[in-house]
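First up is the structure itself, then whatever we jot down about it.
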Amino acid sequence: MSPTSSAGRLLDGSVPVEEHLDALLDRLGGHGISAEHTLVALSTCRDELVAELARAVDVRWGHPFTVGGLGGIPAIGHTGWRTALSHVPAHGGRGAALVIGTSHIGVAPDGSIGATLRVGQDQVSATCGALVAVNDAMHADGECPFDDHEMQVLWSEIQSCTGGGHSDIDELTVTLAGRIDHEVSTAIRATRVWEDCDVAVVSGVHIHHPDGDRILQLTSTITGADGRPTPL
Ligand SMILES: [Zn+2]
């Protein structure tokens, strides 16, 4: 898969990372949820480029719990989720968990999407590299060639919802964000964490743009004591 020049489709509707998180703070505040009573968990790729989102989260909520594996699919199981959610700062009442799940994509200096010029390198490289590797291999022969657990998980997720990959990296990245949201929401339902704390799930695409990182939000819900997710 090669970078394309269709960055506009993802950039439309995206906002700078800081603006996205400030808006989240405001919306959570509207539900009576303060930053000091909230634990953030990040289901994001392991790529160092994603550290920009973690840094901006840290400034507002404190250190986040790391949930995601390659591509951003949750890499932990039931015990890991229970561990993460047991860290919610309840302060004697109902605290809150905010789970932010993103796929991610790069924009090269020439505006092409699906690649990033990284610090200290003189050529662009695929971003998300794991997602592009899975998609390229899927087109090649239909068999999963990876013996890496996280790549196998990513392969299965993409295979199950595309039946053989996408030709557009931006469409594929949005599809992956949907799978991340699905896996996070499934885990949240399994833990029934809303019995102890409010839980918000916010999903989207993290865009590494030469002019600054941006977030395209796709979904956001909050679940209170009644266990029913509603739009956040
Ligand atoms: Zn990645």
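Annotations for the structure displayed:
- In the stretch 66-95, residue farthest from Glu150 (Cα to Cα) [restricted to those that are in contact (Cβ under 8 Å) with a residue 60 or more places away in the chain and assigned to a helix (DSSP H, G or I)]: Leu85
- Among the residues of this structure, Ala23 does not count as one that is touching a Phe, Trp or Tyr at 6+ places or on another chain (Cβ under 7 Å) and at pLDDT 95 or above.
- Test: residue in the stretch 26-47 that is within 16 Å of the ligand (Cβ to nearest atom), part of a helix (DSSP H, G or I), out of contact with any Pro (no Cβ under 6 Å at 6 or more places or on another chain) and among the small types (Gly, Ala, Ser): no
- Listed conditions (1) away from the ligand (no atom under 16 Å from the Cβ); (2) outside any loop (DSSP other than H, G, I, E, B); (3) at pLDDT 95 or above are all met by His63, apart from (2).
- Any hit, the stretch 94-107, residues being surrounded by fewer than 22 Cβ atoms within 10 Å (Cβ to Cβ), away from the ligand (no atom under 16 Å from the Cβ) and under 27 Å from Ser220 (Cβ atoms): yes
- Count of residues meeting criterion [surrounded by 18 or more Cβ atoms within 10 Å (Cβ to Cβ), of a type outside the set (Val, Ile, Thr) and more than 14 Å from the ligand (Cβ to nearest atom)] in the stretch 118-130: 0
- Within the stretch 2-20, being at negative phi, modelled with pLDDT under 95 and outside any helix (DSSP H, G or I) holds for Ser2, Pro3, Thr4, Ser5, Ser6, Asp12.
- Evaluation of Ala133 against the conditions (1) more than 15 Å from the ligand (Cβ to nearest atom); (2) crowded, with 17+ Cβ neighbours inside 10 Å shows that the sole unmet condition is (1).
The values are calculated or read from the model by the stated rules, or taken from the named source; none is laboratory data. Just so we're clear, the structure is a prediction, and the values are computed from it rather than from any experiment. Cβ coordinates were reconstructed from backbone atoms using ideal geometry, including for glycine residues, and neighbour counts include every protein chain displayed.
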